[in-house]
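Asker: Shown below is the structure under consideration.
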Amino acid sequence: MAKNLVEFKNLKTYFYTGGGIVKAVNDVSFNIREGETVCVVGESGCGKSVTAMSLMKLIPNPPGKIVGGEILFNGRDILKFTEEELRNMRGNEVSVIFQEPMTSLNPVFKIGEQLTEAIILHQKLSKNEAEEKAIEVLKITGIPRAEQIMKSYPHELSGGMRQRVMIAMAVSCNPKLLIADEPTTALDVTIQAQILDLMRDIKKKLNTSIMLITHDLGVVAEMADYVVVMYAGKVIEEAPVEELFKNPLHPYTQGLLKSKPLLTEETGDKLYSIPGQVPNPIGMPDNCYFNSRCDRCMNKCKDKQPTLINVSPTHKVSCWLYEEGK
Ligand SMILES: Nc1ncnc2c1ncn2[C@@H]1O[C@H](COP(=O)(O)OP(=O)(O)OP(=O)(O)O)[C@@H](O)[C@H]1O
Ligand code: SF4
Ligand SMILES: [Mg+2]
């Protein structure tokens, strides 16, 4: 079995807001192995992006702060990294692509300038070498007429092409980990499929690990090796993808899956909405956060919080239905 590249251990990332403390990531632990795609799913606001941004150590402070836990990258805690080690990690070992590439590309510089600059910054190549490398990575992403694209401005490209450029930029340094936060949500279905193909291709070629954040269970079914389901700042279930789809245990996961029985169905990118709402993140009581929406809720669920337990060596769930002494 491949070794762990990333280990989140009891990570706690809080935001200190005027209204109170938001425990955006509340004691989260899971691993990402080398060459593996881990999909993180869950409703809006459950802490997916904050988990990823904690790994990049890009939590805005104030109001945010990592208040507990460890994030091991290749066995070393990045929370203890020096600024230089962090810069090196962000530029060379971990790359991020976001939902809307327009916000990551600078509108006033040509694609080629931005791409070569990023390559020079992180790989210490000469300008000519960097330009060659830029064209090479653009070609890997399947962009036609790469030389011409180098001379274009971001607004001259379609959304799908901009996302390919972002992916080119992200993989130009052969990162060990690619974090993709809703990378296809803004794209139409055909382009979305192409971008997912591209990511799979890159993973195969470069053995990159991928942390893929998505709302879309169709994307999970296609891309994931392993799935982590989050709810209100906590991991409530995790398992290899086949296992999770075949045997979902948590009532929340079951609700999500019931909503999308046909995995390739083109039904948009939103999860089916399970009745009820995520509790107010401020001042949450110490019970099962899903209790008000769960049709299997028992008395205990309102009083005490379940813990994430192993039901098999690779399948974990946090729900009183599976815990001893229920
Ligand atoms: N800068 C911030 N200040 C205060 N609260 C924040 C900040 N950033 C995130 N949060 C809070 O942290 C929680 C988790 O947010 P996060 O962005 O991780 O959600 P998400 O799962 O990525 O949702 P989405 O699917 O909508 O992207 C939310 O309650 C959010 O309001
Ligand atoms: S702990 Fe109880 S309320 Fe929470 S998901 Fe399980 S059965 Fe439902
Ligand atoms: Mg997000």
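Computed from the coordinates by the stated procedures, all read-outs in this text should not be read as laboratory data. Computed from a predicted structure; not experimentally measured. So basically every Cβ, Gly included, is an ideal-geometry build from the backbone, and we count neighbours across all protein chains shown.
Asker: Give the long-range amide H neighbours of Ser152: residues separated by 5 or more places, or on another chain, with amide H under 5 Å away, using H modelled in the peptide plane at 1.01 Å from N.
Answerer: Sorted by chain and number, the residues that satisfy this are Ile111, Gly112.
Asker: For n ≥ 4 DSSP H runs only, could you compute -39500 (n - 2.57) per run for the chain, divide by its residues and tell me the 222 nm figure to the nearest 500? All intermediate terms of the calculation are to be shown ahead of the outcome.
Answerer: On the way: 11 runs with 103 residues, N = 326.
Calculated from helices alone, the mean residue ellipticity at 222 nm is -9000 deg cm²/dmol.
Asker: Restricting attention to the chain, give the cysteines that have no other cysteine Cβ less than 4.7 angstrom from their Cβ.
Answerer: Taking the Cβ cut-off of 4.7 Å, the unpaired cysteines of the chain are Cys39, Cys46, Cys173, Cys319.
Asker: A further question on this structure: With θ set to phi - 60° and the Karplus curve 6.51 cos²θ - 1.76 cosθ + 1.60, what are the ³J(HN,Hα) couplings of the stretch 208-223 in order, to the nearest whole Hz, using x for Gly and Pro?
Answerer: Using θ = phi - 60°, the values come out as 6, 7, 10, 9, 10, 9, 8, 8, 9, 5, x, 5, 4, 4, 7, 9 Hz.
Asker: Lysines near Lys57 by alpha-carbon distance under 25 Å, same-chain residues fewer than 8 away left out - which ones?
Answerer: Qualifying lysines at Cα under 25 Å: Lys3, Lys9, Lys12, Lys23, Lys48, Lys65, Lys80, Lys124, Lys176, Lys203, Lys234.
Asker: I would also like to ask the following. For Thr17, what residues show an amide H to amide H distance below 5 Å, using hydrogens built from the backbone and excluding near sequence neighbours?
Answerer: Val22
Asker: Related question: Roughly how many whole Å is it from the C-alpha centroid of the stretch 1-68 to that of the stretch 113-192?
Answerer: 27 Å
Asker: Below 17 Å, Cα to Cα, which lysines can Lys127 reach? Residues fewer than 8 away in the same chain don't count.
Answerer: By straight Cα distance, Lys127 reaches Lys110, Lys151.
Asker: Hey, another quick one. Grab every C-alpha pair in the chain, bin the distances at 20 angstrom width from 0 up to the longest one, and report whole percents.
Answerer: 31, 57, 12, 0
Asker: What share of the DSSP beta bridges in the chain is antiparallel, in percent to the nearest 5? Don't skip to the answer; put the middle values down first.
Answerer: Working: 32 of 50 bridges.
Of those bridges, close to 65 percent are antiparallel.
Asker: Excluding Tyr16 itself, what net charge comes from residues whose Cβ is under 12 Å from its Cβ, given Lys and Arg +1 and Asp and Glu -1? Walk me through the intermediate numbers first.
Answerer: Details: positive: Lys23, Lys65; negative: none.
Neighbourhood net charge equals +2.
Asker: Another question about this same structure. Under a no-solvent Debye model with one identical scatterer per Cα of the stretch 164-213, what's log10 I(q)/I(0) at q = 0.17, 0.26, 0.30 Å⁻¹?
Answerer: For the requested q values the scattering log ratios are -0.46, -1.07, -1.34.
Asker: In sequence order, what are the phi-derived ³J(HN,Hα) couplings for the stretch 112-124 according to the Karplus relation 6.51 cos²θ - 1.76 cosθ + 1.60 with θ = phi - 60°, rounded to whole Hz, with x for glycine and proline?
Answerer: Karplus-based 3J(HN,Hα) across the stretch 112-124 equals x, 4, 5, 5, 5, 4, 4, 5, 4, 4, 9, 10, 6 Hz.
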